[in-house]
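The values are calculated or read from the model by the stated rules, or taken from the named source; none is laboratory data. As the structure is a computational prediction, the values presented were derived from the model and not from experiment. Here the Cβ is made from the backbone with ideal geometry for all residues, glycine too, and neighbour counts use every protein chain on show.
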Amino acid sequence: MVDINQKSRDIKKQCELLSISRNVYYYKPKVSEFKLLLMQHIDELYTENPAAGQRSPQSSLLRRFGIKAGRRLIRSMMNIMEIASLAPKPFLSAPNAQHKKYAYLLRNVVINHVNQVRSTDITYIKLRNGFA
């Protein structure tokens, strides 16, 4: 959007043309050391028990690490990290009528040698600082 290499227009003029303030252009988001530490501990707790929601890490953080954090802060950190409880959500068993139903094609197949059937798996990989 704003090109710092453009010689004909300075940053102030470019920001005016884009209808944004220069504060927005120069803003650098900052995550505090406390929040990074909190995200690391939440990630450890989530790895141990992915079914836990926001209340369980709140009490575990205080007991294990001596960190006092509210449920809303833990919820926002989990949202930033894009992790959620694996506990059953309401109405998950209700099928969506718009989704296409696929037939199970391996029902009567006898699997008797290697590489006859393949499958995939999505695995959670722990990232540095709890997020990408």
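Just a few scattered comments:
- Filtered residues of segment 9-43 (kept if of a type in the set (D, E, K, R), outside any loop (DSSP other than H, G, I, E, B) and surrounded by fewer than 16 Cβ atoms within 10 Å (Cβ to Cβ)): 12, 13, 16, 22, 33
- So residue 35, is it out of contact with any strand residue (DSSP E or B) (no Cβ under 6 Å at 6 or more places or on another chain), basic (Lys, Arg) and in contact (Cβ under 8 Å) with a residue 24 or more places away in the chain: yes
- There is at least one residue in segment 71-85 that is in a loop (DSSP other than H, G, I, E, B) and modelled with pLDDT under 85.
- Screening segment 110-132 for residues that are at pLDDT 85 or above and surrounded by 10 or more Cβ atoms within 10 Å (Cβ to Cβ) and picking the one that is nearest to residue 45 (Cα to Cα) gives 117.
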